[in-house]
């Protein structure tokens, strides 16, 4: 164990000794609800996807022993057993495939290519069909498990992750990641038959749990209050209960089809952060909620009154970054996947005591990246003083949160972290030249943490903060570890339209490539001097304090990072090139025809279409340590 890891373990032990320690349950029956774990219909096997290691682990639930771990690809997410079999379907998120394997032997049966980012998976009871959500572009795909082929695809919404199948198998329910809107889809023809939309600001909904006997869905999500850059009012954790019956069938004429349950007020003044998944007992009497930001779990009683819906049963402080919860088929045991401990907690559902832990994989991360990731997801001290918010609340798994925040410096669109190590300085205003400068954010009003540097004096933004703290350097190591994914629009190379758009992009007349230059499509990098540009947007926001010049963002992955510009006022790429480019200050595009604009957008959506990192190394834009 390195000094770095040992120091963090000591820190964690001290914090835990000061915290309230109780016991909580968790759910181990996936059935028609998506999740990062699933239990076979006969109750003997549990499958767990391990995003960081790129593996899936199979656990024998009769002995609580790991039977096998096998490699499936980059960033696996949802898993589901197929019908009553031990065949397993796995959504390999970063490889754009759904893999089918034999859980008894780990043998690969087939892979099914999908357009992009498969996440949630469910199977019908007969095992003849598996359904999957595609985060981008917001589709549901239906797979025939006898042929292992896609038979239908439904365009449903925007950025889908959560997925559930009704008891009669007539309706699929999918949740939009950035809105927590739930959409009902008819299995018969893929038509949209219903829609549940909560309050504005609902965000980051990854999973749906369907009640085994009642017409209820449980949706985990946060609510982002974008006008408040303060740790005590910006991010709120929720489980929202949605009634899938029409209003005419409900007990009360005044009953609402959407009941939000704020998890930060569920147990007195205890604040929780970043709910990830829920799981429900087979009898439908208990719901379990895990919180990836505060490392804890609620056990809830399910109330059949169409009003309160949930009340408190028990609380348990658990391991690092819990991301999944399932209940055994007999309802006696709860399993919680503790993603950054790389194990599963086995919890007695009656006593809420942890009986055992099951290792699912070795820690695949370097020590500094592991510690940095723990800190990045932590909504507790030393990172966060009020337990509402962590770095991952806005940058989950290196992605953006799809929000435009009212910050003290003005409106700021959240950017993804891909390529961050090579595109410094940071922020739209380029006010930070290293990740370690975010010590200011940790100590500031947003997070109100103790910070990772020793002492009470606020560190300088001008002087280097790197190498002053092992923990702060670890946070930088993890944050800088996110790399680019290839665009799904260029899997077969550039289309003819994209090729024409490439010519438009690199033409001297449009001047797009003057700022969005090189293999990283930005002139922002940590090697050269600071370069800023006035693209005519600084006056669009009356609250702006630092404009009118801004740092150039990379265009790699721009196909999935809307809205655009520093203030997020361009909803689409077409807006960037037309209505948001008055006076041709953001490249010269007013002379382009509609066809040329469309071709240029097609090219932008295709980025990256080749490995940008190798090219950046060759061009000395990325330094490789020898």
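Inspection of the stretch 298-311 finds a residue satisfying the criterion of being under 30 Å from residue 372 (Cβ atoms) and either in contact (Cβ under 8 Å) with a residue 60 or more places away in the chain or under 19 Å from the mean Cα position of the chain (by Cα) (or both).
Do we find that residue 534 is farther than 18 Å from residue 581 by Cα, touching a strand residue (DSSP E or B) at 6+ places or on another chain (Cβ under 9 Å) and either surrounded by fewer than 18 Cβ atoms within 10 Å (Cβ to Cβ) or in contact (Cβ under 8 Å) with a residue 12 or more places away in the chain (or both) in this structure? No, not satisfied. The residues in the stretch 462-506 that are outside any helix (DSSP H, G or I), under 30 Å from the mean Cα position of the chain (by Cα) and farther than 16 Å from residue 559 by Cα can be counted, and the count is 8.
Every condition in (1) under 30 Å from residue 95 (Cα atoms); (2) not in a loop (DSSP other than H, G, I, E, B) holds for residue 521 except the one numbered (2).
Looking across the stretch 455-470, the residues that are surrounded by 16 or more Cβ atoms within 10 Å (Cβ to Cβ) and either within 19 Å of residue 431 (Cα to Cα) or without any contact (Cβ under 8 Å) to a residue 40 or more places away in the chain (or both) come down to 459, 465, 468, 469. Working only within the stretch 260-287, note down all residues that are outside any loop (DSSP other than H, G, I, E, B), at pLDDT 95 or above and within 23 Å of residue 197 (Cα to Cα). 260, 261, 262, 263, 275, 276, 277, 278, 279, 280, 287, listed by residue number.
Per the listing 127, 120, the residue uniquely assigned to a loop (DSSP other than H, G, I, E, B), out of contact with any helix residue (DSSP H, G or I) (no Cβ under 9 Å at 6 or more places or on another chain), surrounded by 16 or more Cβ atoms within 10 Å (Cβ to Cβ) and at pLDDT 95 or above is 127.
Within the stretch 37-51, being touching a strand residue (DSSP E or B) at 6+ places or on another chain (Cβ under 9 Å) and either buried (at least 23 other Cβ atoms within 10 Å of the Cβ) or in a loop (DSSP other than H, G, I, E, B) (or both) holds for 37, 38, 39, 40, 41, 44, 46, 47, 48, 49, 51. Kindly evaluate residue 446 against the criterion of being modelled with pLDDT under 95, more than 25 Å from residue 526 (Cα to Cα) and assigned to a loop (DSSP other than H, G, I, E, B). Taking the combined requirement at face value, the residue satisfies it.
The values are calculated or read from the model by the stated rules, or taken from the named source; none is laboratory data. What you are looking at is a predicted structure, and each value in this text was computed from that prediction instead of being measured. Positions of Cβ are generated from backbone atoms using ideal geometry, with glycine treated the same way; all protein chains shown enter the neighbour counts.
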